[in-house]
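The values are calculated or read from the model by the stated rules, or taken from the named source; none is laboratory data. Quick caveat: nothing in here was measured; it's all calculated off a predicted structure. Here Cβ is always computed from backbone atoms with ideal geometry, including for glycine, and neighbour counts include all displayed protein chains.
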């Protein structure tokens, strides 16, 4: 058998050192530290000219660990045989025999947990649809570009890559599905904790409130996020007690902040299952009064976690809450079962735009019109707009240009324990965008 697969192109000098597996490569004594931090790239395209052009461009950008495959089958054989350390696959979608979609599906099924950049001349809508198809797999999609990809755009996506330690890569997989008994033990053992993510005014940069986010401080697995246990809590009837604890703890923290002179608001997520209880609105009102707060200090964020139409009981509860002057937010707007009918029928005061329509919207010809439309519709309906997933200053600037009211995301601050908010606020006041400074 020849030293190199004849389906691998260009020849030896432009391919990965196929005799080295990941461990050997990382330890190669001939590489400097900067080279070792580079990702191993595998370019997959049925067009030899495009492969050569992409390979030469990447080398001119300083990348040296570059392999190429002229077909999906060749790329799969290369990766599965462990003949090359591949961190990022740059894949064309439209290839004969096995197209890019099937290739990536098979690659994900094989256990490969690396990164992918999609390249295609099929247009942004098809590229976006493929990204959604792959979102549930172990593959991490760094982004997608139309062919031919430019240097700056490709560099921006490759800069998103970072090496992942083996322990980090499997942490989530190590957390088993929790049980109803564990949920009960968590309540008895006081294992629930709240973290708070800041929300700020886009025009002034001022802190307006926080969102209370539930975490489970598991004795074995550390902090467990709610997507691992909220569904079970709803199924086993524990969601009412859990939401009651969250409301009580969040309002107690808000009361402490008010006593310290930090007059902000609090947002808390509630389940549609909570809203079925006829006494829910009355209980929330009692909690607020007990905390010496006003209903205007609390916004309840509503997401549909079950496929269902808005039944009379939840709608009745929402109307009662609004009559008490609680804020009502439709969360993750634009995803799931959020719809125009809900905006028409429910007295919401706030529209919270899902992160999928926020981050990177300036450069995305698909999601930017949707973001603009959501903000414009909310403004005409008299609703406050909150954008979550604000991760960069460019995200911030675009939202400000479009007239969005409130921003939330990692660019502003990550979720944190309540006692850290004052330190975050000092830091934020020093680094917030200049045009927002008061």
### Query
Out of (1) at pLDDT 95 or above; (2) closer than 30 Å to residue 145 by Cα; (3) buried (at least 17 other Cβ atoms within 10 Å of the Cβ), what's the single condition that is false for residue 410?
(3)
### Filter result (outside any helix (DSSP H, G or I) and touching a strand residue (DSSP E or B) at 6+ places or on another chain (Cβ under 6 Å)) within the stretch 246-277
264, 265, 266, 267, 268, 269, 270
### Message
If residue 339 satisfies all but one of (1) modelled with pLDDT under 85; (2) in contact with a strand residue (DSSP E or B) (Cβ under 8 Å, 6 or more places away or on another chain); (3) farther than 18 Å from residue 125 by Cα, what's the number of the condition it fails?
### Response
(2)
### Task
Read through the list (1) within 21 Å of residue 55 (Cβ to Cβ); (2) in contact (Cβ under 8 Å) with a residue 40 or more places away in the chain, then give the number of the only condition that residue 94 fails.
(2)
### Message
Residues to consider are 344, 320, 325; find the one that is exposed (fewer than 15 other Cβ atoms within 10 Å of the Cβ), more than 22 Å from residue 142 (Cα to Cα) and modelled with pLDDT of 95 or more.
### Response
325
### Task
Only residues that are under 17 Å from residue 413 (Cα atoms) and either out of contact with any helix residue (DSSP H, G or I) (no Cβ under 8 Å at 6 or more places or on another chain) or at pLDDT below 95 (or both): list them for the stretch 359-388, please.
359, 386
### Summary
Note on the stretch 57-81: residues surrounded by fewer than 20 Cβ atoms within 10 Å (Cβ to Cβ), in contact with a helix residue (DSSP H, G or I) (Cβ under 8 Å, 6 or more places away or on another chain) and under 20 Å from residue 163 (Cβ atoms) are 61, 63, 64
### Subset of the stretch 410-427 (residues that are touching a residue at least 60 places away in the same chain (Cβ under 8 Å) and either more than 17 Å from residue 260 (Cβ to Cβ) or touching a strand residue (DSSP E or B) at 6+ places or on another chain (Cβ under 8 Å) (or both))
412, 413, 414, 415, 416, 417, 418, 421, 424, 425
### Message
Considering only the stretch 373-381, I want to know if a residue exists there that is within 16 Å of the chain's Cα centre (by Cα) and crowded, with 18+ Cβ neighbours inside 10 Å.
### Response
no
#### Entry: Candidate set: the stretch 174-188, residues that are surrounded by 12 or more Cβ atoms within 10 Å (Cβ to Cβ) and in a loop (DSSP other than H, G, I, E, B); chosen: the one modelled with the highest pLDDT
179
### Task
Take residue 340 and decide whether it is more than 26 Å from residue 250 (Cβ to Cβ), free of Cβ contacts under 8 Å to residues at least 12 places away in the same chain and either more than 15 Å from the chain's Cα centre (by Cα) or not assigned by TED's automatic domain parsing to the domain that holds residue 223 (or both).
yes
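The rows are residues; the columns are (1) closer than 21 Å to residue 211 by Cα; (2) in a strand (DSSP E or B).
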| position | (1), (2) |
| --- | --- |
| 325 | yes, no |
| 328 | yes, yes |
| 341 | no, no |
| 371 | no, no |
| 376 | no, no |
| 401 | no, no |
### Query
Got a sec? Which of 159, 171 is at pLDDT 80 or above, loosely packed, with under 15 Cβ neighbours inside 10 Å and within 23 Å of the chain's Cα centre (by Cα)?
159
### Message
Go through (1) crowded, with 23+ Cβ neighbours inside 10 Å; (2) within 16 Å of residue 119 (Cα to Cα); (3) modelled with pLDDT under 90 for residue 94 and report which single condition fails.
### Response
(1)
#### Entry: Residues (free of Cβ contacts under 8 Å to residues at least 12 places away in the same chain and in a helix (DSSP H, G or I)) located in the stretch 211-245
227, 235
## Note on the structure
Within the stretch 103-125, residues being at pLDDT 85 or above and in contact with a helix residue (DSSP H, G or I) (Cβ under 7 Å, 6 or more places away or on another chain) number 7
### Message
Checking the condition surrounded by fewer than 19 Cβ atoms within 10 Å (Cβ to Cβ), modelled with pLDDT of 85 or more and in the same structural domain as residue 267 (by TED's automatic domain parsing), which residue from 216, 192 passes?
### Response
192
